[in-house]
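Engineer: To start, I am sharing the structure in question, which I have written as structure tokens.
All of the numbers you see were taken from the coordinates with simple rules; none came from a lab. Predicted, not measured: the structure shown is a model, and the values here were computed from it. Please note: Cβ atoms are built from the backbone with ideal geometry, for glycine as well, and neighbour counts cover all protein chains shown.
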2 protein chains.
Amino acid sequence: MNIDMIRAAAGRAKGIVRRTPLLSSPFLDEIAGRPVYVKPECLQHTGSFKFRGGWSALSALDPETRARGVIAYSSGNHAQGVAHAAQRHGVPAVIVMPSDAPQLKIANTRALGAEVVLYERGKEPREEIGQAIAHDRGLTLIRPFDEPQVIAGQGTCGLEIAEQAAEMEIHEAEVLVCCGGGGLTAGIALALAAEAPRMRVRPVEPEGFDDTARSLDAGQITGHGQPEKGLCDAILTPRPGDITFPIMKDLCGPGIVVTESQVRRAVALAFLRLKIVAEPGGAVALAAALFHGDALAPGPVITTISGGNIDPALFARILSEHQG
Amino acid sequence: MNIDMIRAAAGRAKGIVRRTPLLSSPFLDEIAGRPVYVKPECLQHTGSFKFRGGWSALSALDPETRARGVIAYSSGNHAQGVAHAAQRHGVPAVIVMPSDAPQLKIANTRALGAEVVLYERGKEPREEIGQAIAHDRGLTLIRPFDEPQVIAGQGTCGLEIAEQAAEMEIHEAEVLVCCGGGGLTAGIALALAAEAPRMRVRPVEPEGFDDTARSLDAGQITGHGQPEKGLCDAILTPRPGDITFPIMKDLCGPGIVVTESQVRRAVALAFLRLKIVAEPGGAVALAAALFHGDALAPGPVITTISGGNIDPALFARILSEHQG
């Protein structure tokens with residue numbers, strides 16, 4: 001993994017992957033007590049940053065391999081990212097999803113042309129299911145985060161952050177990244193280490209699922225030991241990846257852990273002040289920017305909103321809680 | 001009014017006004033039966049395109065005049081746009097607002113540093129109130145749409161549409177614009193006439209408030225005769241402007257009228273498929289793109305979402321209606 005792979009991924013993404021803007025609001029600055037800039041990857045194709053990695057991985061395959069098709073296992077956002085990337089390449093995609101994933105994510109993945117194979121979360125190891133089908137049909141497995149070309153694709157988000165921050169003359173900042181397996185965090189950290197070395201990346205996780213924060217504290221990979229189910233479903237991976245963790249250990253500051261109630265407030269504030277739709281897992285970094293200022297170095301903070309694939313009923317409930 | 005004024009406004013807006021992206025979704029394309037591109041001005045500073053016009057008007061004043069301050073009358077979005085533009089220039093702003101405007105818009109306008117003067121809609125003519133205060137305090141009145149520098153500012157949205165469409169190799173399209181007094185419509189029409197002459201601008205209004213559509217049909221300014229109150233509060237002006245109408249008459253195709261129920265569906269679909277927050281008045285053009293294809297020439301359609309300042313309770317209600 002190196003910056004050249006990210007630059008190459010950016011070249012392959014040109015005209016395909018959406019360049020998301022860098023947003024801000026004086027109302028958020030006031031809550032945080034510092035300037036807050038938001039990179040809304042919910043506006044990316046398929047509603048999350050995962051399309052970056054999916055496109056990068058598929059476009060890096062040799063055409064013959066790619067034509068046989070790809071397979072992915074995912075709780076939802078990686079599924080949609082890979083499905084849409086395959087659809088745009090005109091090749092088949094099989095997606096292995098937990099049967100209790102949000103209905104919207106399952107439906108979207110099917111609508112994007114993929115064949116969906118469901119499994120029972122906690123009973124069957126999804127990695128084994130994925131590898132078995134891949135072997136039987138000659139498909140290429142696209143791992144959700146522990147895959148160099150996927151990390152390279154997520155890193156293109158970091159290249160954009162570096163460029164957009166430089167345009168605003170921001171060269172030093174804490175950069176908060178929603179962290180599941182660490183693909184986005186590691187990709188952004190690699191990109192910024194090369195392009196904006198005075199920025200420091202901080203992984204953010206929800207309470208109870210702080211495997212990356214604990215691994216960084218311990219200096220070695222540590223799991224959170226919880227079932228992968230909760231409000232922030234998009235980022236509840238059991239442990240950081242074997243490829244992503246050493247990168248984060250080298251390049252990132254300590255992890256930050258936020259509560260579910262802070263995440264719900266962040267979702268409501270992204271609606272009210274930025275006019276964007278954040279899913280809970282996609283709002284953890286904004287929650288850290290707004291409510292964990294004491295864990296951050298002084299100065300501006302840049303935060304990802306990593307996805308927006310939230311069920312309408314949950315979103316309506318969160319808005320109802322936060323009207324006062 | 002000419003394209004040079006719009007280009008000059010774009011020059012003054014550089015680094016200040018946000019360049020909003022051009023979004024799309026295969027799900028929306030499928031509903032519309034054609035490619036749909038969405039220009040989400042809800043992502044603009046203050047949550048609507050109105051900041052473009054406010055910034056343009058304030059930045060065009062000579063510094064001495066500007067320092068005395070500005071005044072505006074507005075149901076909400078123009079208020080916030082002018083208030084924020086004044087705040088960033090460090091000059092006072094007085095905003096005359098109807099007392100029944102959405103609470104969120106009144107509160108935001110105050111939080112953006114403006115002095116808010118309330119009046120009773122239907123009882124007192126807001127224009128007279130505005131002009132009286134302007135005269136007493138030596139403030140410059142910034143009209144919401146019938147003001148050349150405001151139209152020039154809104155036109156910068158059209159310059160961006162022309163550039164972004166050209167990058168995607170779209171040179172011919174119907175361009176649907178949410179239309180109140182016609183400032184955004186006229187500005188975009190002027191910009192596209194110069195930069196993308198094979199695009200045709202179409203004003204879109206809600207049922208019952210179709211003064212522009214009727215004026216274009218009649219070839220002269222015609223009011224809708226309704227009180228300015230309804231779901232699409234942002235765009236319920238009684239008649240097109242004396243400056244905006246002749247521009248629209250010269251450059252625009254026939255108006256399109258959508259129902260409130262189509263607007264509510266468009267708000268829900270913008271949430272679900274684009275992950276953005278549209279207010280009802282800001283969603284009329286998307287509603288036309290999705291549900292009035294028979295009124296459009298074949299080929300791609302580009303649609304504005306002009307604002308996202310919707311009360312959370314109404315947004316939650318619309319989401320609850322559209323889950324099936």
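Engineer: Summing Lys, Arg as +1 and Asp, Glu as -1, what charge do residues with Cβ under 15 Å from the Cβ of A:ALA283 carry, A:ALA283 excluded?
Structural biologist: -1
Engineer: Okay, moving on. Inside 10 Å of the C-beta atoms of A:314-322, what's the mean count of C-beta atoms belonging to other chains?
Structural biologist: Mean number of neighbouring Cβ atoms from other chains: 4.
Engineer: Please report the net charge: other residues with Cβ closer than 12 Å to the Cβ of B:ALA268, K and R +1, D and E -1. Provide the component values of the computation, followed by the final result.
Structural biologist: Values: positive: B:ARG264, B:ARG265, B:ARG273, B:ARG317; negative: B:GLU321.
Charge balance near B:ALA268 sits at +3.
Engineer: Take chain A, connect every pair of alpha-carbon atoms lying under 10 Å apart with a spring to form a Gaussian network, then pick out the residue of A:ALA166, A:ALA86, A:ALA278 with the largest mean-square fluctuation.
Structural biologist: Of the options given, A:ALA166 has the highest mean-square fluctuation.
Engineer: Among B:GLN44, B:GLN154, B:GLN80, which one shows the highest mean-square fluctuation when chain B is modelled as a Gaussian network with alpha-carbon springs under 10 Å?
Structural biologist: Of B:GLN44, B:GLN154, B:GLN80, the Gaussian network model singles out B:GLN44 as fluctuating most.
Engineer: So, one more: How do A:ASP250, B:ASP233, B:ASP311, B:ASP294 line up, fewest other C-beta atoms within 10 Å first?
Structural biologist: By the 10 Å Cβ count, ascending, the order reads B:ASP294, A:ASP250, B:ASP311, B:ASP233.
Engineer: Right, next: What is the order of A:HIS84, B:HIS45, fewest Cβ neighbours within 10 Å to most?
Structural biologist: On the way: A:HIS84 26, B:HIS45 23.
Result, fewest neighbours first: B:HIS45, A:HIS84.
Engineer: A follow-up question, please. Between the label point of A:GLY33 and that of the same position in each other copy, find the distances and list them shortest first in nm, with every label point placed 7 Å from Cα along the Cα-to-C-beta direction.
Structural biologist: Label point to label point, same position, other copies: 5.8 nm.
Engineer: Mind checking which chain B residue has its Cβ closest to the axis relating B to A, and how many whole Å off it is?
Structural biologist: Spelled out as residue then distance in Å, it is B:ALA316, 2.
Engineer: If we count every other residue with Cβ under 12 angstrom of B:GLN164's Cβ, Lys/Arg +1 and Asp/Glu -1, where does the sum land?
Structural biologist: -1
Engineer: Express the relative contact order of the stretch A:50-141 as a whole percentage, based on alpha carbon pairs under 8 Å and six or more residues apart in sequence.
Structural biologist: 31 percent
Engineer: Same structure, new question: Please identify, among B:GLY308, B:GLY155, B:GLY33, the residue showing maximal mean-square fluctuation in a Gaussian network model of chain B using a 10 angstrom Cα cutoff.
Structural biologist: Taking springs between Cα atoms under 10 Å, the residue moving most is B:GLY33.
Engineer: Would you list A:VAL175, B:VAL177 from fewest to most Cβ contacts within 10 Å?
Structural biologist: Going from least to most buried by this count: A:VAL175, B:VAL177.
Engineer: Next up: Find every distance from the label point of A:ALA132 to the corresponding label point in the other copies (7 Å from Cα along Cα→Cβ) and write them in nm, one decimal, shortest first.
Structural biologist: Copy-to-copy label distances for A:ALA132: 8.1 nm.
Engineer: Now for a separate question. Let me confirm one metric for peptide B:14-22, namely the mean number of other chain beta-carbon atoms within 10 Å of its residues' beta-carbons.
Structural biologist: For this peptide, the per-residue mean of nearby foreign Cβ atoms is 2.
Engineer: Sticking with this one: To the nearest whole number, what is the average tally of beta carbon atoms from other chains within 10 Å of the beta carbons of peptide A:277-285?
Structural biologist: Counting other chains' Cβ atoms within 10 Å and averaging over A:277-285 gives 1.
Engineer: Quick one: label points 7 angstrom along Cα→Cβ at A:ASP311, distances to the other copies in nm, smallest first?
Structural biologist: Taking the point 7 Å beyond Cα along Cα→Cβ, the inter-copy spacings are 2.8 nm.
Engineer: Right, another one. Kirkwood hydrodynamic radius, computed over distinct alpha-carbon pairs, for the stretch B:109-232: how many Å, to one decimal?
Structural biologist: 16.9 Å
Engineer: A further question on this structure: Return the long-range amide H neighbours of A:THR303 (sequence gap of 5 or more, or a different chain), with a cut-off of under 5 Å between placed amide H atoms.
Structural biologist: Those qualifying (amide H under 5 Å, at least 5 residues apart or on another chain) are A:TYR37, A:VAL38, A:LYS39, A:LEU176.
Engineer: Once phi is turned into θ = phi - 60°, what whole-Hz ³J(HN,Hα) does the Karplus curve with 6.51, -1.76 and 1.60 give for every residue of the stretch A:100-108, x standing for Gly and Pro?
Structural biologist: Whole-Hz 3J(HN,Hα) from phi for the stretch A:100-108: 9, 5, x, 3, 4, 6, 5, 4, 5.
Engineer: Give me the angle, in degrees from 0 to 90, between the Cα long axis of helix A:126-137 and the longest principal axis of the Cα atoms of chain A, rounded to the nearest 10.
Structural biologist: Helix A:126-137 sits roughly 40 degrees off the main axis of chain A.
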